[in-house]
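The values are calculated or read from the model by the stated rules, or taken from the named source; none is laboratory data. The structure displayed is predicted, hence computed values, not measured ones. Cβ placement follows ideal geometry from the backbone for every residue including glycine, while neighbour counts extend to all protein chains displayed. Just the protein is used for accessible areas: all its heavy atoms, side chains included, with ligands, DNA and RNA removed. Shrake-Rupley method; radii C 1.70, N 1.55, O 1.52, S 1.80 Å.
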Amino acid sequence: MTQTENAAVSFTGAVKTFGTVRAVDGVDLEIAAGETVALLGRNGAGKSTTISLLLGLDEPDEGTVWLFGAPPERAVRAGRVGAMLQEGRAVPRVTVQELVSFVARRYPEPMPVARALQLAGIPELAGRRVDRLSGGQTQRVRFAVALAGNPSVIVLDEPTAALDVEARHAFWASMRSYARLGHTVLFSTHHLEEADAHADRILVIDHGRIVADGTGEQLKRAVGGSLVAFDLGGRSTAGLELLPGVRSVEVRGDRARLRSDDPDATVIALAELHAIRGLEVAPASLDDAFLALTAAPVKEAA
Amino acid sequence: MLDYLRLEVRRTLRDVGFVIGGVAMPVLMYLLFTNLGGDDGGWKTGAMVGMAGYGAVGSALNTGGGVAEDRAIGWLRQLRVTPMTPREVVIGRTLTGSVTVLPAILAVLAAGGLINGVRLDAWQWAAVAGLLWLGSVPFTLLGLGNGYRLTGQTTGVTNMVCNLGLSVLGGLWFPISLFPHWLRSVSQYTPTNRFAELGTSVAVGRAPAFGAIAVLTLWMLAFGSYAVLSYRRSGRTV
């Protein structure tokens, strides 16, 4: 990986351990200015620790983390960073206007408070007390706080956790309008659809490592192969992995699920074996990609 | 930093619990203690300083409660990702404490002067208020030490215990002349006793004794170190 001078974010062999847990276990990554990137992983995969390192809230035990070519702390002091941290709650006894304008004034070149509230979709809440808002409204106040300073990079740690569907949509619309202004956005999520729908690029993190990096389309392709599934009807599974195109065979109950690079050829071969019962052929989904990329045991819904 | 001070003072004054417990209570207790049964003017003055001191100690400790709350809701962590330095945050918080002790001090002194007819020279009023204000710094530091070390709930309880314990023991509620001899000697080493002494000596027209300033300074150093240690320990979790 080449280290470019203008990278907004750059991790080189970053490791962070807590006791015996390697929460971040050798992460290399680079994010260019202007990208919108999703950090995708299940709970406990290392997303929040990665973000803490990125913001300088934690220091790596090994390796380096840079923000705009300097230690994160310097970028934070220079006002180039805005963040919406996980589990931040409403600040009691201040109004939205007071809170957002206070944070904005910490930064060298903030945006007008009205603009921040508008981008966050809450201009009508300016005079309301933050601790008297709904969960969705609070979340968007926290988003307004993150962008009030007009930072070059904005980091959102699971921004839509605990939001209902409508609030979620409104939130992403706000985020996209901010990203369109040319800012760098990094958000973490454990929702595949969110990562796919709202990021230019997805980093899949698992057990503290980046296990995949690309667009949703690229991830699907990297996992490769469509799904060819059929009922075994008591037939043995021997030899299925030798059929044309087949990469892997998985049996659940009486149903065989083949991962195939050439589903047409696989189906023809199955037909020759008179094995077609309840046939299903489907392109790889992002879910499949995610499950294939992350190692932990998988519980599958029926 | 002034901005931060303004924000936090505003948040404190909007806290109904603070206004009732930290300002109204000392005033009510003062009026109650001094108007039940007959007494001479000396007690009205002594109790005024004592209750103003009690209110100031409560308000100063309350600053720590605010810190614990801010830690719990992630506000201090949020401040760490703004250009504000941790040092500015701590200094801002300490200054907040020193501003929010004023309402209690002024309210009790006003009750003494306007309702109980306590008469002091203008310079004495100013000196009592000023000394109580300065003397409350050790208690702000104690509160910050608790707030950075403990969770929100334990901070509340610990502050209350510190407040009541130190106030009663230090003679802010009842004059220590009512205490048994051994307790009186203990009382003279408490920060609250020496804190009140700053005010009472001025109220009777004397300069505060060297001993009072010395004991209070030692407590300030102790509580200050406690606050610094607590803050350092919290560094990783804030």
### Query
When DSSP beta bridges are limited to those with both residues in chain A, what percentage is antiparallel, rounded to the nearest 5?
65 percent
### Query
HN-Hα J couplings of region B:52-68 from phi, Karplus 6.51/-1.76/1.60, θ = phi - 60°, integer Hz, Gly and Pro as x?
4, x, 4, x, 5, 4, x, 5, 5, 5, 4, 4, x, x, x, 5, 4
### Task
Using θ = phi - 60° and the Karplus relation 6.51 cos²θ - 1.76 cosθ + 1.60, list the HN-Hα couplings for region A:236-241 in order, rounded to whole Hz, with x at every Gly or Pro.
6, 8, 4, x, 4, 5
## Note on the structure
Residues hit by the 20 Å² burial cutoff in region A:51-97, accessible area with a 1.4 Å probe, assembly against chain on its own, are A:L57, A:V76, A:R77, A:A83, A:L85, A:R89, A:V91, A:P92, A:R93, A:V94
#### Entry: Between region A:86-106 and region A:159-220, the Cα center-to-center distance that results, in Å
24 Å
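Name the shape class, rounded, prolate or oblate, that the alpha-carbon gyration tensor gives for region B:1-159, where a ≥ b ≥ c are the square roots of its eigenvalues, rounded holds for a/c under 1.5, and otherwise prolate holds if a/b is larger than b/c and oblate otherwise.
Note, shape of region B:1-159 comes out prolate.
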### Message
With +1 on the Cβ of every Lys and Arg and -1 on the Cβ of every Asp and Glu, and nothing else charged, how large is the dipole of region A:7-50 about its Cα centre, in debye rounded to the nearest 20?
### Response
260 debye
### Message
Within 10 Å of each Cβ in A:147-154, how many Cβ atoms from other chains are there, averaged over the peptide?
### Response
1
### Message
Taking all protein chains in place and a 1.4 Å probe, what share, in percent, of the accessible surface of chain A do carbon and sulfur account for?
### Response
51 percent
## Note on the structure
Dipole check, the protein assembly as shown, charges on Cβ (K,R +1; D,E -1), about Cα centroid: among B:M220, B:I91, A:S177 the Cα furthest to the positive pole belongs to B:M220
## Note on the structure
Interface A-B: total buried accessible area (1.4 Å probe, Å², nearest 100) of 2500 Å²
### Summary
The answer for region B:1-86, accessible area per residue at 1.4 Å probe in Å², is 35 Å²
### Query
With +1 on each Lys and Arg Cβ and -1 on each Asp and Glu Cβ, how big is the dipole of region B:1-90 about its Cα centre, in debye rounded to the nearest 20?
380 debye
#### Entry: Accessible area per residue, Å², region A:15-71 with all protein chains present, probe 1.4 Å
38 Å²
### Query
If you take the square roots of the eigenvalues of the alpha-carbon gyration tensor of the protein assembly as shown and sort them as a ≥ b ≥ c, do you get rounded (a/c under 1.5), prolate (a/b over b/c) or oblate?
prolate
### Query
With the solvent-accessible surface defined on protein heavy atoms using a 1.4 Å probe, which residues belonging to region B:1-50 display a reduction of at least 40 Å² in accessible area in the multichain context relative to the isolated chain?
B:D3, B:L7, B:R11, B:R14
### Task
Give the peptides B:196-203, A:161-168, B:64-71, A:63-70 in descending order of average Cβ contacts within 10 Å, highest first.
B:64-71, B:196-203, A:63-70, A:161-168
### Message
Using only the alpha-carbon atoms, how far is helix B:122-135 inclined from the longest principal axis of chain B? Give it as 0 to 90 degrees, nearest 10.
### Response
40 degrees
### Per residue accessible area in Å² of region A:163-273, where ligands, DNA and RNA are left out and the probe is 1.4 Å
47 Å²
### Task
Specify the inter-centroid distance of region A:6-75 and region B:111-173, based on alpha-carbon positions, in whole Å.
45 Å
### Query
Which residues' amide hydrogens lie under 5 Å from the amide hydrogen of A:I205, considering only partners 5 or more residues apart or on another chain, with H built in the peptide plane?
A:L40, A:G41, A:V211
